[in-house]
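Engineer: First, the structure itself, so that you have it in front of you.
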Amino acid sequence: MIYFVALVAGLAGILFGFDEGVIAGALSSLRAEFQITSLEEGMMTAAVPFGALFGALLAGSLAERFGRRQTLLFASVLFVIGALCAGLAPGVWVLTGCRLVLGLAVGVAAMVAPLYISESAPSKQRGMLVSVYQLAITIGILSAYLVNFAFDDKWRTMFMLGALPGIALFLGMAVLKDTPRWYILKGRTEDARRALQRVRGTSVSQHEIESELGHIKAAMDTGGSGRWADLLAPVVRPAFIVGIGLFFLQQLSGINAVIYYAPTVFQEAGFDSGSTQLMATIGVGVVNVLMTLVGMYLIDRIGRRRLLFLGFVGTALGLGMIAVGAATGIQSLDILAVIGMALYIAAFAASIGPLPWVMMAEIFPSHVRGMAMGVTSLTNWGFNFLVVFSFPVLVSALGLGGVFGIYALVCVAGVIFTYLRIPETSGVSLEDIEKHLLSGRPFHMLGQFAPPPMYTDAPDITQDQAHEMLTQLVELSPYRAYLRPLINRISEVGYDNHQVRTALRIVHARVSRQSRQTLTQHDMGSERETFVAFFEHIRFASPSFLEWVGEPQVDNKGDSRGA
Ligand code: BGC
């Protein structure tokens, strides 16, 4: 059942992508039919993100008041009306109005569909299911490009086809129930129980259902009291800087200049025939989908920071190549622009595409999560609008090379921003992320005393083995005199801490293969970083770090919420 839920809500992602992408192939026939200026072109194209801005503003209160299900039903009706009207539009202004309606639907759905998925999903599948949503967006974009290709200059048919996934969303939502969490919010416990039973299926016992219901209720009692003013609290600020910063960089990297205007970009870059432009555009869509899958595979394995570094370096290089290819106008450099485009899309899709969405859902303290996510996704649409609206105007003023040069510089800034501000949240529980924020420590230090936990096949170790190893490792540290008296606590905390324990398991497996007992500097290999940073934190941060970092929950700075 949960996969059906994800599938239905994923339709909202497909609609999001479709309505973003469909304009790309429609523009050339629209230009031919209506003689539009670059300002009108910018308005018509940017109407979707502009409408979405309002959709995102409305979504939170609609979903609270009428429920997630009714809100998505409402959005699906807008999708169908918007698509049909756009297909029948007599002129540019009506078309712009219809795209505004579509944008409203996109904005509502883009916020409520992931909420619907995450409130219905069991927690261990939540991250994966939220990424499925980004995948759905890229599939929607690709379908729009395929429709563009199949219907060549029939822009009316292209827009109308958007009604189909809208109808599917309506039918799907009509048979689903609302989320257990929303029913509880409205005091409808019996409905909540039935909804939960339905999404968890028959394999789950009555006892488990009751206990999950209890958890949802308890979380609402302690966490549901967020007020708008709480968003300004100093502890929430670093999370906002990360969330808003990532969306700023994601959008100002120019992705939607490519997604919305791909054939135009290829034309400017020297592709003369319309069908070659569309083929190249489909190439963009395919790379976007495939590399999103790669990103989903990597995200928990190499960690958020590394993936972002790779993403920003890759996009900066790709955009730089497009800029040089386009600015020189030399025919032989066109190929440079094409390779640059492939590199740019690949690096974006694997990293800068999914990461802001994934991190947005994990960095905010629970009592303000919903509101903070609303504000953050609002900034996504604001910057999206800015880029899409300004693109035609900027290209006429600066040329394609100049505009892509600016986007490349933004990606360079992204490398620096990642280095200075991004915490490593992979493998860290939501509660630990929250605890770190509340401790007042610099947010970007979270998770950095160890490299992101790689999946390891190394067998687990016992507490005694961990104690023995850490005792030896402490002796290899320059701070041994300070650390030695704390060894019991260090080994307790090191054993409980996921990242230190993973490093210990890897080293233990390595050393046992050589059947030796005494550890040397050399044995630590690439896990050395983890131990060095772990010990440094204990030495310099404060002894209370020991209490803070371990799983055993201890009050910190008067925070009485404990576990
Ligand atoms: C962005 C969209 C973009 C899409 C491209 C998403 O993460 O938020 O604006 O069009 O990726 O795949």
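The values are calculated or read from the model by the stated rules, or taken from the named source; none is laboratory data. The structure presented is a predicted model; accordingly, all values stated were derived computationally and were not measured. In this analysis, Cβ positions are derived from the backbone assuming ideal geometry, glycine residues included, and neighbour counts consider all displayed protein chains. To get the accessible areas, we keep the full protein, side chains included, count just its heavy atoms, and leave off ligands, DNA and RNA. Shrake-Rupley method; radii C 1.70, N 1.55, O 1.52, S 1.80 Å.
Engineer: Using a probe radius of 1.4 Å on heavy atoms only, what accessible surface per residue do you get for the stretch 247-394? Whole Å² is fine.
Structural biologist: Per-residue value: 32 Å².
Engineer: With θ set to phi - 60°, apply the Karplus curve 6.51 cos²θ - 1.76 cosθ + 1.60 along the stretch 484-496 and write out the HN-Hα couplings as whole Hz, x wherever there is a Gly or Pro.
Structural biologist: Those phi angles translate into 3, x, 9, 4, 4, 5, 4, 6, 4, 5, x, 5, 6 Hz.
Engineer: Can you compute the modelled spin-label distance between residue 529 and residue 301, with each label point 7 Å from Cα toward Cβ, in nm?
Structural biologist: With each label placed 7 Å out from Cα toward Cβ, I get 1.7 nm.
Engineer: Right, next: Would you rank 156, 505, 99 by solvent-accessible area, highest first, keeping every protein chain in place and using a 1.4 Å probe?
Structural biologist: Working: 156 80, 505 50, 99 0 Å².
Largest to smallest exposure gives the sequence 156, 505, 99.
Engineer: Where does the stretch 463-549 land on Rg/Rh, using Cα atoms and the Kirkwood Rh?
Structural biologist: Values: Rg = 12.0 Å, Rh = 12.8 Å.
Radius of gyration over Kirkwood radius for the stretch 463-549 works out to 0.93.
Engineer: Taking Cα pairs under 8 Å and at least six residues apart, what relative contact order does the stretch 463-549 come out at, in percent? Don't skip to the end; give the middle numbers.
Structural biologist: Details: 68 pairs, mean separation 30.3, N = 87.
Reported as a whole number, the value is 35 percent.
Engineer: Oh, and also: In deg cm²/dmol and to the nearest 500, what is the mean residue ellipticity at 222 nm of the chain if only DSSP H runs of at least 4 residues count, each as -39500 (n - 2.57), divided by the residue total?
Structural biologist: -25000 deg cm²/dmol
Engineer: In degrees, nearest 10, range 0 to 90: what is the angle between the Cα axis of helix 274-298 and the longest Cα principal axis of the chain?
Structural biologist: It is inclined by approximately 20 degrees.
Engineer: Using 20 Å bins from zero, what percent of all Cα-Cα pairs in the chain falls into each bin?
Structural biologist: 20, 48, 27, 4, 0
Engineer: What distance in nm separates the two pseudo spin-label positions at residue 35 and residue 189, each 7 Å out from Cα along the beta-carbon direction?
Structural biologist: Here the modelled spin labels are 7.0 nm apart.
Engineer: Right, another one. What is the set of long-range amide H partners of residue 497 at a cut-off below 5 Å, with H atoms built 1.01 Å from backbone N?
Structural biologist: Under 5 Å from the amide H of residue 497 lie the amide H atoms of 551, each far enough along the sequence or on another chain.
Engineer: If you don't mind, another one. At a 1.4 Å probe, what is the % contribution of carbon and sulfur to the accessible area of the stretch 303-429?
Structural biologist: Numbers: 3300 of 4250 Å².
In the stretch 303-429, the share of accessible area belonging to carbon and sulfur is 78 percent.
Engineer: Amide H neighbours of residue 441 under 5 Å, at least 5 residues apart or on other chains, H built in the peptide plane: list them.
Structural biologist: none
Engineer: Equivalent-ellipsoid semi-axes (√(5λ), Cα gyration tensor) for the stretch 127-286, whole Å, largest first?
Structural biologist: So the three semi-axes of the stretch 127-286 are 43, 25, 13 Å.
Engineer: Per residue, how much accessible surface does the stretch 463-549 expose to a 1.4 Å probe? Answer in Å², no decimals.
Structural biologist: 51 Å²
Engineer: Still on this structure: Explain nothing, just compute: Karplus ³J(HN,Hα) = 6.51 cos²θ - 1.76 cosθ + 1.60, θ = phi - 60°, for every residue of the stretch 202-213 in order, whole Hz, x for Gly and Pro.
Structural biologist: Taking θ as phi minus 60°, the curve returns 7, 6, 9, 6, 4, 4, 5, 4, 4, 6, 5, 4 Hz for the stretch 202-213.
Engineer: Could you run the Debye sum over the Cα atoms of the stretch 231-449, one equal point scatterer each and no solvent, and tell me log10 of I(q)/I(0) at q = 0.10, 0.16, 0.18 Å⁻¹, two decimals?
Structural biologist: Rounded to two decimals, the profile gives -0.46, -1.02, -1.22.
Engineer: When every alpha-carbon pair in the stretch 1-119 is counted, what percent end up more than 22 Å apart?
Structural biologist: Of all Cα-Cα pairs in the stretch 1-119, 34 percent lie more than 22 Å apart.
Engineer: Sticking with this one: In square angstrom, what is the accessible area per residue of the stretch 1-92 with a 1.4 angstrom probe?
Structural biologist: Solvent-accessible surface per residue comes out at 36 Å².
Engineer: Turning to a different aspect of this structure: What is the distance, in nm, between label points placed 7 Å from the Cα along the Cα-to-Cβ direction at residue 152 and at residue 197?
Structural biologist: 5.7 nm
Engineer: Now for a separate question. Could you give me the ³J(HN,Hα) list for the stretch 395-405, computed from phi with Karplus coefficients 6.51, -1.76, 1.60 and θ = phi - 60°, whole Hz, x at Gly and Pro?
Structural biologist: My calculation for the stretch 395-405 gives 5, 5, 7, 10, x, 4, x, x, 5, 5, x Hz in order.
Engineer: Lysine pairs, Cα distance under 23 Å, 8 or more residues apart or cross-chain: how many in the chain? Numbers along the way, then the final one.
Structural biologist: Details: 124/177; 124/217; 124/435; 177/186; 177/217; 186/217; 217/435; 435/557.
Within the chain, the lysine pair count is 8.
Engineer: Taking only Cα atoms, what is the 0 to 90° angle, nearest 10, from helix 163-175's long axis to the longest principal axis of the chain?
Structural biologist: Tilt of helix 163-175: around 50 degrees.
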